[in-house]
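The values are calculated or read from the model by the stated rules, or taken from the named source; none is laboratory data. Since the model is a prediction, treat every value here as computed from it, not as a measurement. Neighbour counts run over all protein chains shown; Cβ positions are idealised from the backbone, glycine included.
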Amino acid sequence: MGIIKRMPSSLADQIAAGEVVERPAAVVKELIENAIDAGASHVSVVTEQGGQKLISVTDNGSGMGGDDLALAFERHATSKIETSKDLAAIKTLGFRGEALPSIASVAKVWARSATGDDQGHEISVEGSKTDGVKPAPPVKGTTVQVKTLFYNTPARRKFLKAPRTEHQHIIEVVRRFALCYPDIAFELTSNGKELFRLPPADLSDRIGAVFGRHYRSSILPLSLSKEAFTIAGFVGNLSLVRGRPKEQYIFLNGRAVQDRLLNSAVYGAYRSLIGRGEFPFFVINITMPHEEVDVNVHPAKSEVRFRDEWRVYHVLKLAVTEAIRDIPGMLPSFDPLPGASSYRGQLEPANGGLAAAIAADTRPIFEPAPGPAGGDAGAQPLPKRSIGDQLEMARPLGDLPERSTAPYNPERIWQVHNKYIFSQVATGIVIIDQHVAHERVLYEAALQAFNGDALPSQTVLFPQVLELPPDDYFRLIDLIPALERLGFRLREFGKDTVIVEGVPTDVAWGREREIITDVIDRTDRRIEGAELFEKMAAAYSCKAAVKAGDPLTLEEMRNVVDRLFATENPYYCPHGRPTVVHMSSTELDRRFERI
Ligand SMILES: Nc1ncnc2c1ncn2[C@@H]1O[C@H](COP(=O)(O)OP(=O)(O)OP(=O)(O)O)[C@@H](O)[C@H]1O
Ligand SMILES: [Mg+2]
């Protein structure tokens, strides 16, 4: 007798369900898709225990009659396509007739539906078995309740993450639909707590409602029609750039898609504005003929295939480039604002008299000396040097005298290009990168604060209200004790909102949002203990440090340099970049051919 046997259909269903219903958030996604396909203008999602105990989705869409309600739970039963011709131009989110039967094979499902013309019906399905439909109240629309997901598939249940993680995935799914369909009202309630209540809105207001009001004023509209493509939506300015790829949304014909090429088109447009490891915010809708794209390539329908993907790439990149064209001119000006920062304004600006005098002193040195033929001698190359020579010239200062006493001459200190601090030391000159130097200072101070006494806090004049996306909010709540050690004072203030009442004395007012979001972004919830502190200290110090471009007063320069040389490891920033470059008097003399 052969060894191959036909599987019972319940087993085949469960295997197939594995592809569609990977985790609770996938159930939420399928049910919302069905609601949208049914023309709903209001979708309400309720979950308990990260969706593992309950997922309930209610819509006010077209509803189903009794026969349809029973058929909806049968495999390959769909109202959305009929022929293979339809498959070539899919206009609905669903088309496989797979979602409901798959969900019902791995959970206990109850559904109620009514078309509005007739009485309502309800049905219970457990492990693909049902007693058929029963009458129910005639409330137009549909509710599907999914209980004890994966109760009969222990293998799948084992791989579920903690309810909190699954909950975050669900929030993300609802957020995605909310952004793609701003004209539909969405509600999300989890464990009895209302997380979203979003009335119909235009996209910019919806972005504000989902991410927090300040997003509303930090986005630039995108609008381009070219050939058969229309690109619309919003891209963020530089204040919304984040340290982790998280807030990037591309919707294609009303469907969220994950496509590396399309994302890279957007990043490409931002290339000269942001650094590596930084991600701009965007919500972009692409509309194109349905025949130009195949959505039937992935079980979760999240990947698509284009007939001509490079064309889409170029049109998208062009649209984003146009939208962000004015960003460079919108960069904050580097002029010091009196009192704008706690770090500024204590002494007269360094680039006043002293700096001017230095400039006058040094100018002749940089004027091109006349060449042998009186020609363009300024372009004369310097004699070639070996790499060893060059390294020697740029070597970080290795053997400074005592740490506690400043090794430099505090009278002879200048800021150059608002980026570097030059100073005279006994053996020559040092050049200090102001940002990385300050970063090192703050990094060590933060680590000490985690291991010993908390850092002092200054009360802010105007407490900042931080409204955060729900998942960031939960993360922040976890991090508050550690942030308080750094000198932040934070108070929970109702739904997804905290008030920043105090900031570390080293932090300029107004930077708190940026610092806190970066700390959230760069600290994964899986890490803890020393590793978490180290990551928090690195994120905090990088964002809180003065930037290249910030003018510093004499006092501020001295403060940074003094504190730098009092650190454990003054010569490298937490990321390993040198903070100090030393050029010896001997090297200078050699270069000027004095010796
Ligand atoms: N909320 C709803 N309102 C009205 N009809 C619905 C709803 N949910 C499901 N249906 C009906 O049930 C059918 C089966 O739904 P199901 O999600 O299983 O498949 P589908 O949406 O057609 O395709 P896919 O598997 O790609 O989601 C749908 O085609 C639709 O006719
Ligand atoms: Mg469906």
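When residues of region 265-304 are filtered for being of a type in the set (S, T, N, Q) and at pLDDT 90 or above, how many remain? Can you show your working first?
If we filter region 265-304 for residues that are of a type in the set (S, T, N, Q), which is where we start, we get 272, 285, 287, 296, 302.
With at pLDDT 90 or above added as a condition, the list becomes 285, 287.
Count: 2.
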Only one residue in Ser56, Ser79 is surrounded by 15 or more Cβ atoms within 10 Å (Cβ to Cβ), on the phi < 0 side of the Ramachandran plot and within 12 Å of ligand 2 (Cβ to nearest atom), so which one is that? Ser79
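Here is a yes/no grid of residues against (1) in contact with a helix residue (DSSP H, G or I) (Cβ under 9 Å, 6 or more places away or on another chain); (2) under 18 Å from Ala300 (Cα atoms); (3) within 11 Å of ligand 1 (Cβ to nearest atom):
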{"position": "Ser84", "(1), (2), (3)": "no, no, no"}
{"position": "Arg96", "(1), (2), (3)": "yes, yes, yes"}
{"position": "Ile103", "(1), (2), (3)": "yes, yes, yes"}
{"position": "Val106", "(1), (2), (3)": "yes, yes, no"}
{"position": "Ala111", "(1), (2), (3)": "yes, no, yes"}
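Please specify each residue of region 83-104 satisfying the condition of being of a type in the set (Gly, Ala, Ser) and either within 15 Å of ligand 2 (Cβ to nearest atom) or at pLDDT 90 or above (or both). Steps first, answer last, please.
Initial filter on region 83-104 (of a type in the set (Gly, Ala, Ser)): 84, 88-89, 94, 97, 99, 102, 104.
Gly94, Gly97, Ala99, Ser102, Ala104 - these are the residues of region 83-104 that are of a type in the set (Gly, Ala, Ser) and either within 15 Å of ligand 2 (Cβ to nearest atom) or at pLDDT 90 or above (or both).
Can you name the residue in region 106-129 that is polar (S, T, N, Q) and at pLDDT 90 or above and is also surrounded by the fewest Cβ atoms within 10 Å (Cβ to Cβ) among such residues? So that I can check it myself, show each step before the final result.
Of region 106-129, the ones polar (S, T, N, Q) are 113, 115, 119, 124, 128.
Checking the rest, the ones that are also at pLDDT 90 or above come to 113, 115, 119, 124.
On the way: Ser113: 27, Thr115: 19, Gln119: 12, Ser124: 16.
My answer is Gln119.
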Evaluate the following for Val28: is it more than 9 Å from ligand 1 (Cβ to nearest atom), closer than 30 Å to Gln168 by Cα and buried (at least 24 other Cβ atoms within 10 Å of the Cβ)? yes
Give region 31-48 a look and list any residue that's among the small types (Gly, Ala, Ser) and within 8 Å of ligand 1 (Cβ to nearest atom), or say none. Ala35, Ala38, Ala40
Any residue at all in region 562-575 that's under 15 Å from Val425 (Cα atoms), part of a strand (DSSP E or B), assigned by TED's automatic domain parsing to the domain that holds Glu444 and not charged (D, E, K, R)? no
Which residues, counting only those in region 21-44, are more than 15 Å from ligand 2 (Cβ to nearest atom) and in a strand (DSSP E or B)? His42, Ser44
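Can we say Ala16 is small (Gly, Ala, Ser), surrounded by fewer than 15 Cβ atoms within 10 Å (Cβ to Cβ) and more than 30 Å from Ala185 (Cβ to Cβ)? Talk me through it step by step, then tell me what you get.
On the way: small (Gly, Ala, Ser): yes; surrounded by fewer than 15 Cβ atoms within 10 Å (Cβ to Cβ): no; more than 30 Å from Ala185 (Cβ to Cβ): yes.
Judged against the criteria, Ala16 is not a match.
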Looking at region 322-340, which of its residues are at pLDDT 75 or above and surrounded by 16 or more Cβ atoms within 10 Å (Cβ to Cβ)? Ala323, Ile324
Considering only residues that are over 20 Å from Thr165 (Cβ atoms), of a type in the set (A, V, I, L, M) and touching a strand residue (DSSP E or B) at 6+ places or on another chain (Cβ under 8 Å), which ones fall in region 43-85? Val43, Val57, Met64, Leu69, Ala70, Ala72
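Counting residues that are in contact with a Ser or Thr (Cβ under 9 Å, 6 or more places away or on another chain) and small (Gly, Ala, Ser), which strands (runs of 3 or more DSSP E) fully inside region 45-127 reach at least 2?
Result: 108-114, 120-126.
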Selected residue [at pLDDT 85 or above, in contact with a strand residue (DSSP E or B) (Cβ under 9 Å, 6 or more places away or on another chain), aliphatic (A, V, I, L, M) and over 22 Å from Gln448 (Cα atoms)] from Leu554, Leu564: Leu554
Criterion violated by Ile15 - all others in (1) part of a helix (DSSP H, G or I); (2) within 16 Å of ligand 2 (Cβ to nearest atom); (3) among the aliphatic types (A, V, I, L, M) satisfied: (2)
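Here's the yes/no breakdown for (1) more than 29 Å from the chain's Cα centre (by Cα); (2) more than 23 Å from Gly120 (Cβ to Cβ):
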| residue | (1), (2) |
| --- | --- |
| Pro24 | no, yes |
| Val27 | no, no |
| Ala35 | no, no |
| Gly39 | yes, no |
| Asp59 | yes, no |
| Leu71 | yes, no |
| Ser79 | yes, no |
| Ser84 | yes, yes |
| Ala88 | yes, yes |
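With respect to Arg156, is the statement that it is away from ligand 1 (no atom under 16 Å from the Cβ) and either in a strand (DSSP E or B) or assigned by TED's automatic domain parsing to the domain that holds Asp472 (or both) true?
It is false that Arg156 is away from ligand 1 (no atom under 16 Å from the Cβ) and either in a strand (DSSP E or B) or assigned by TED's automatic domain parsing to the domain that holds Asp472 (or both).
Per-residue answers, yes or no, for (1) among the hydrophobic types (A, V, I, L, M, F, W, C); (2) in contact (Cβ under 8 Å) with a residue 60 or more places away in the chain; (3) buried (at least 23 other Cβ atoms within 10 Å of the Cβ):
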{"position": "Glu528", "(1), (2), (3)": "no, no, no"}
{"position": "Glu534", "(1), (2), (3)": "no, yes, no"}
{"position": "Tyr540", "(1), (2), (3)": "no, yes, yes"}
{"position": "Ala544", "(1), (2), (3)": "yes, yes, yes"}
{"position": "Glu556", "(1), (2), (3)": "no, yes, yes"}
{"position": "Tyr571", "(1), (2), (3)": "no, yes, no"}
{"position": "Thr586", "(1), (2), (3)": "no, yes, no"}
{"position": "Asp589", "(1), (2), (3)": "no, no, no"}
{"position": "Arg594", "(1), (2), (3)": "no, no, no"}
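Just checking, how many residues over region 13-28 are charged (D, E, K, R) and within 13 Å of Glu98 (Cα to Cα)?
Adding up the residues that qualify gives 2.
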